[in-house]
Amino acid sequence: QVQLVESGGGLVQAGGSLRLSCTASVTIGSINAMKWYRQAPGKQRELVAQITSSGSTGYAPSAKGRFTISRDNAKNTVDLQMNSLEPEDTAVYYCNVYYRLQHYWGQGTQVTVSS
């Protein structure tokens, strides 16, 4: 069983920045891919960014160049630095891991970007 707790969401003006953090209840060093998803109202949940245990990263086209994912295995955290935020980034952001053949999700953190 893995518990994921997200934090750092909030209301920000367009062009601003937010840093999301996800803390896991297990040692993440043994987890390969850790991911951030988001879900906007009326839309499907979409993958925003991922990072492997070796530090390789991948981003959705909408996030590339603006968002940076990082992980700290010592603290069991994965962060998402979001810069140059746009109203289209408004969504609930979720942390996700695949661990011992199961997907685990956090409760989500709301990000609202005003124009």
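Some notes on this structure:
- Accessible surface comparison of Leu85, Leu47, probe 1.4 Å, protein chains only, largest first: the order is Leu47, Leu85.
- Accessible area of the chain belonging to carbon and sulfur atoms, whole % at 1.4 Å probe: 47 percent
- FRET efficiency for Gln1 and Thr68, using Cβ-Cβ distance with R0 set to 35 Å, rounded to 0.05: 0.75
- 19 Å Cα-Cα reach of Lys64 towards aspartates and glutamates, excluding residues that sit fewer than 8 places from it in its own chain: Glu46, Asp79, Glu86, Glu88, Asp89
- For Thr27 and Leu11, the difference between the fully extended length at 0.36 nm per residue and the C-alpha to C-alpha distance is 2.7 nm.
- The value obtained for the range 51-115, namely the Cα convex hull volume divided by the number of residues, is 109 Å³ per residue.
- In the range 40-112, the chymotrypsin sites (Phe, Trp or Tyr not before Pro) that fall in loop regions by DSSP, at most 14 other Cβ within 10 Å: none
- Probe 1.4 Å, protein heavy atoms only - accessible area per residue of the range 7-106 in square angstrom: 52 Å²
The values are calculated or read from the model by the stated rules, or taken from the named source; none is laboratory data. Please read these numbers as outputs of a predicted model, since none were measured by experiment. Note: ideal-geometry Cβ built from the backbone for every residue, glycine included; neighbour counts use all protein chains shown. Note: areas computed on protein heavy atoms with side chains; ligands, DNA, RNA excluded. Shrake-Rupley method; radii C 1.70, N 1.55, O 1.52, S 1.80 Å.
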